[in-house]
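Asks: The following block contains the structure, expressed as structure tokens.
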Amino acid sequence: MIFAIYYHGNEAKIEGLLTASQVFLSIALPFTIIPMVMFTSNTKLMGEFANHTWVKYAAWFATIVLVTLNIYLILQTVGLLK
């Protein structure tokens, strides 16, 4: 709301700001999701609460898919892909 007021409702500027925020989140996501999967799968750290084998593989699969899609989004946004 603050930026809508600041940019006087200019939709192009607000859309650019939204796109930039999504790119930033795409860059930040791997730095949070990869350690989370690593730590929650570690039996020394988590003990009996560590991920089961099938959960660990599902989490790594989802992580790989998300990171790949985020890299694609970043490359598309900066104009390296069409």
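The values are calculated or read from the model by the stated rules, or taken from the named source; none is laboratory data. Because the structure is a prediction, the values reported are computed rather than measured. Backbone-built Cβ (ideal geometry, glycine too); neighbour counts: all protein chains shown. Note: accessible area is taken over every heavy atom of the protein model, side chains too, but ligands, DNA and RNA are not part of it. Shrake-Rupley method; radii C 1.70, N 1.55, O 1.52, S 1.80 Å.
Asks: Using θ = phi - 60° and the Karplus curve 6.51 cos²θ - 1.76 cosθ + 1.60, what whole-Hz ³J(HN,Hα) does each residue of region 63-71 get, with Gly and Pro shown as x?
Replies: These are the phi-based 3J(HN,Hα) values: 4, 4, 4, 5, 5, 4, 5, 5, 4 Hz.
Asks: Something else: Averaged per residue, what accessible surface does region 24-82 expose to a 1.4 Å probe, in Å²? Before the final figure, lay out each step's value.
Replies: On the way: 4660 Å² over 59 residues.
That works out to 79 Å² for each residue.
Asks: Report the label-to-label distance for V23 and L66 in nanometres (one decimal), using points 7 Å from each Cα along the Cα→Cβ vector.
Replies: 2.2
Asks: I've got another one for you. Give a residue-ordered list of calculated ³J(HN,Hα) values for region 12-26 (Karplus: 6.51 cos²θ - 1.76 cosθ + 1.60, θ = phi - 60°; whole Hz; x for Gly, Pro).
Replies: 5, 5, 5, 5, x, 5, 5, 4, 4, 5, 5, 5, 4, 5, 5
Asks: Moving on to the next point. Probe radius 1.4 Å, ligands and nucleic acids left out: which of T43, T77 has the largest accessible area, and how do the rest follow? Walk me through the intermediate numbers first.
Replies: Numbers: T43 95, T77 65 Å².
Descending order: T43, T77.
Asks: Sticking with this structure for a sec: Over all distinct alpha-carbon pairs, what is the Kirkwood Rh of the chain in angstrom? Present the calculation step by step, with values, prior to reporting the outcome.
Replies: On the way: mean 1/r = 0.0661 Å⁻¹.
For the chain, inverting the mean 1/r across all distinct Cα pairs yields 15.1 Å.
Asks: Heavy atoms only, 1.4 Å probe, whole protein assembly: order K13, K82, K56, K44 by accessible area, highest first.
Replies: Numbers: K13 115, K82 215, K56 65, K44 190 Å².
From most exposed to least exposed: K82, K44, K13, K56.
Asks: Taking a cut-off of 23 Å between Cα atoms, list the lysines near K56, but don't count ones fewer than 8 places away on the same chain.
Replies: Within the straight-line limit of under 23 Å, K56 reaches these lysines: K44.
Asks: Quantify, in whole percent, the carbon and sulfur part of the accessible surface of region 16-80 (1.4 Å probe; protein heavy atoms only).
Replies: On the way: 3700 of 4860 Å².
Whole-percent figure for carbon plus sulfur exposure: 76.
Asks: With θ set to phi - 60° and the Karplus curve 6.51 cos²θ - 1.76 cosθ + 1.60, what are the ³J(HN,Hα) couplings of region 40-46 in order, to the nearest whole Hz, using x for Gly and Pro?
Replies: 6, 9, 7, 6, 5, 7, 9
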